[in-house]
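The values are calculated or read from the model by the stated rules, or taken from the named source; none is laboratory data. In this text the structure is predicted, and so the values were computed from the model without any measurement. Note that we place each Cβ from the backbone using ideal geometry, even for glycine, and neighbour counts take in every protein chain shown.
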Amino acid sequence: MPRINTQHTDQPLPPRDVELSFHGSINLIAPITEAAQDWIDANIGEDAWFLCNALAVEPRCTDDIVRGMIDDGLAVYIGDGSLQGITS
């Protein structure tokens, strides 16, 4: 199962495309940029749930969605504003 790791670096971080927040039984994936919204439109089914503009997903689905976003070049930020990456 993949795990989410924070990448700490002295390099400037890329602009945030997506913000991920954890809320117990639901995680929110909020698109910040048009590229992130386009990714959601292209990769997430029409029956998805949204809270305001954030995609609401079960924790078990979050890893795969975030992995796809990162693999497609989106910068996903979690919690404290650190850039996140996923490793196996």
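Yes or no, residue by residue, for (1) of a type in the set (A, V, I, L, M, F, W, C); (2) at positive phi; (3) in contact (Cβ under 8 Å) with a residue 24 or more places away in the chain:
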position: 36; (1), (2), (3): yes, no, yes
position: 40; (1), (2), (3): yes, no, no
position: 47; (1), (2), (3): no, no, no
position: 53; (1), (2), (3): no, no, no
position: 58; (1), (2), (3): no, no, yes
position: 66; (1), (2), (3): yes, no, yes
position: 69; (1), (2), (3): yes, no, yes
position: 72; (1), (2), (3): no, no, yes
position: 75; (1), (2), (3): yes, no, yes
Counting only residues that are surrounded by 11 or more Cβ atoms within 10 Å (Cβ to Cβ) and within 15 Å of residue 32 (Cβ to Cβ), which one in the range 51-64 is modelled with the lowest pLDDT? 53
Pairs where the first residue, in the range 10-25, is under 10 Å from residue 75 (Cβ atoms) and of a type outside the set (A, V, I, L, M, F, W, C) and the second is surrounded by fewer than 11 Cβ atoms within 10 Å (Cβ to Cβ) and modelled with pLDDT of 90 or more, C-beta under 7 Å, 6+ apart: none
